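Q: What follows is a structure written as structure tokens; I'll ask about it next.
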Amino acid sequence: MLRPRIIPSLLIQDNGLVKTVNFKSPKYVGDPINAVKIFNEKEVDELAIFDIDATVHGKEPNYSLIERLANQSMMPLCYGGGVKTVEQAQRIFSLGVEKIALSSSVLQYPELITDISERVGSQSVIVVLDVKKKILGGYEVYTHNGKKATGINPLKFVEQAQKLGAGEIVINSIDRDGTMKGYDLDLIDKVREKITLPMTVLGGAGSLDDIEKIVDKHGVIGVAVGSLFVFKGPYKAVLINYPTQIEKNKIFKINQ
């Protein structure tokens, strides 16, 4: 039976684990390999790792780091950052990664979604859209760590991505990133109306109640979390954490 997923989202910069607020001011919070080991112990549903430098600096994916992360991970692993070709995607899959996250490259060349899906299977192809509210209303997709406006309407692009063979859509709210003030519920509702694909939401989780709200409304959905699973307490001490099975059962309304 399909169930919702609660997914830690880790950001990589200069081979270190960082956290941002509104995609700005990355703060070093530790070693990503160590974080993966801790999440293994906590038996997380899935893990998403994004290299936030690769696209900005035109770098190839860091295959050595990806291999180390995949070798340590005992859970399904999604990697994103710098993937521009089918060959790069295949190489990453060969290292033990289950899902590839595509963003800037497919906004420029949407047919890459089809090319990779046909080669590795659509279930492994994830399209990530970093979205920001427009001043006069509506939403726009941004790239390059929220610095470059694309003019693309996310509600239109998710429909296109679905037709081209994407297996999942990730909607990341730039406005809510790192704020821990709750998800952009209006954005989530609007995207959910447009697609039937599996969907994951990211940006704004400040409590388990925020996760529960999304699951209550949308059922089988991926809920990705950054700061909440890295920081603890009002002073944001770095402490890797994840809901216990009892807490997850409450969120998923199991045995209640």
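Read-outs throughout are calculated quantities, based only on the coordinates presented, and are distinct from any laboratory measurement. The shown structure was predicted, so the numbers you read here are calculated from the model rather than taken from an experiment. Every residue, glycine as well, gets a Cβ built from its backbone with ideal geometry; the counts of neighbours run over all protein chains shown.
Q: Compute the FRET efficiency between residue 185 and residue 254 as 1/(1 + (r/R0)^6), taking r as their Cβ-Cβ distance and R0 = 25 Å, and round to the nearest 0.05.
A: Details: r = 23 Å, r/R0 = 0.93.
In this case the efficiency is close to 0.60.
Q: What do the square roots of 5 times the Cα gyration tensor eigenvalues come to for the range 5-252, in whole Å, largest first, as semi-axes of the equivalent ellipsoid? Intermediate results must be reported in sequence, preceding the final value.
A: On the way: eigenvalues 114, 96, 64 Å².
They are 24, 22, 18 Å, listed from largest to smallest.
Q: Here's another thing I want to ask about it. Expressed as a whole number of Å, what is the distance separating the alpha-carbon centroids of the range 85-107 and the range 144-215?
A: A separation of 20 Å, based on Cα centres.
Q: Moving to a separate point now. Which far-off residues, 5 or more places away or on another chain, put their amide H under 5 Å from the one on residue 29, with H placed in the peptide plane?
A: Amide H neighbours of residue 29: 17, 18, 19.
Q: How do the peptides 200-206, 83-89, 144-150, 122-128 rank, highest first, by the average count of neighbouring beta carbon atoms within 10 Å per residue?
A: Numbers: 200-206: 24.1, 83-89: 18.1, 144-150: 15.3, 122-128: 22.0.
Peptide ranking by packing, descending: 200-206, 122-128, 83-89, 144-150.
Q: Output the pairs from 24/148; 132/156; 42/248; 181/213; 99/248; 133/250 with a Cα-Cα distance over 21 Å in this structure; if there are none, say none. The partial results should precede the final answer.
A: Working: 24/148 13 Å; 132/156 15 Å; 42/248 12 Å; 181/213 13 Å; 99/248 23 Å; 133/250 32 Å.
Distance filter (> 21 Å) returns 99/248; 133/250.
Q: Further question: Say a paramagnetic label sat at a point 7 Å from the Cα of residue 38, along Cα to Cβ; which residues of the range 18-32 have their backbone N under 16 Å from it?
A: 18-20, 27-32
Q: Rg to Rh ratio, the range 28-132, alpha-carbon atoms and Kirkwood radius? Please list the in-between numbers first.
A: On the way: Rg = 13.5 Å, Rh = 14.1 Å.
Dividing the radius of gyration by the Kirkwood radius yields 0.96.
Q: Also, quick follow-up: How large is the translational diffusion coefficient of the range 201-240 in µm² per second when you combine the Kirkwood radius over alpha carbon pairs with Stokes-Einstein at 10 °C and 1.306 mPa s?
A: On the way: Rh = 10.8 Å.
It comes out at roughly 147 µm²/s.
Q: To continue, here is another question. So how do 188-197, 50-59 stack up, highest first, on mean other-Cβ count within 10 Å? All intermediate terms of the calculation are to be shown ahead of the outcome.
A: On the way: 188-197: 15.5, 50-59: 17.4.
Highest mean packing first, the order is 50-59, 188-197.
Q: Using the Karplus equation 6.51 cos²θ - 1.76 cosθ + 1.60 (θ = phi - 60°), what ³J(HN,Hα) coupling, rounded to whole Hz, does each residue of the range 64-71 give in order, writing x for Gly and Pro?
A: Once θ is set to phi - 60°, the couplings for the range 64-71 become 5, 5, 4, 4, 5, 5, 5, 5 Hz.
Q: Once phi is turned into ³J(HN,Hα) by the Karplus curve 6.51 cos²θ - 1.76 cosθ + 1.60 with θ = phi - 60°, what whole-Hz value does each residue of the range 26-32 show in order, with x for glycine and proline?
A: x, 10, 5, 10, x, 8, x
Q: Could I ask something else about it? Where the Cα atoms of the range 162-232 are projected onto their three principal axes, how long is each span, largest first, in whole Å?
A: Cα spread of the range 162-232 along its principal axes, largest to smallest: 40, 21, 18 Å.
Q: Which residue fluctuates the most in the chain, going by a Gaussian network model with Cα springs under 10 Å, if the choices are 40, 22, 71?
A: With Cα springs under 10 Å in the chain, the top fluctuation among 40, 22, 71 is at 71.
Q: Suppose R0 equals 25 Å; then what is the FRET efficiency for residue 22 and residue 207 from their Cβ-Cβ distance, rounded to the nearest 0.05? Provide the component values of the computation, followed by the final result.
A: On the way: r = 19 Å, r/R0 = 0.77.
Efficiency, from the Cβ-Cβ distance: 0.85.
Q: Using the Karplus curve 6.51 cos²θ - 1.76 cosθ + 1.60 with θ = phi - 60°, work out ³J(HN,Hα) for each residue of the range 114-119 in order, rounded to whole Hz, and write x for Gly and Pro.
A: 5, 4, 6, 4, 5, 7
Q: Next up: Between residue 156 and residue 247, 0.36 nm times their residue separation minus their Cα-Cα distance comes to what?
A: Details: separation 91, 0.36 × 91 = 32.76 nm, distance 3.58 nm.
Length difference between fully extended and current span is 29.2 nm.
Q: Label residue 193 and residue 63 with points 7 Å out from Cα along Cα→Cβ: what is the distance between them in nm?
A: Each label point lies 7 Å from its Cα, and together they span 4.5 nm.
Q: Relative to a virtual label point 7 Å from the Cα of residue 133 in the Cα→beta-carbon direction, which members of the range 186-228 show backbone nitrogen distances below 17 Å?
A: Backbone N within reach: 186-191, 202-206.
Q: Given only helices, namely DSSP H runs of n ≥ 4 each adding -39500 (n - 2.57), what is the per-residue ellipticity at 222 nm of the chain, to the nearest 500 deg cm²/dmol?
A: After summing the helix terms and dividing by the residues of the chain, the value is -9500 deg cm²/dmol.
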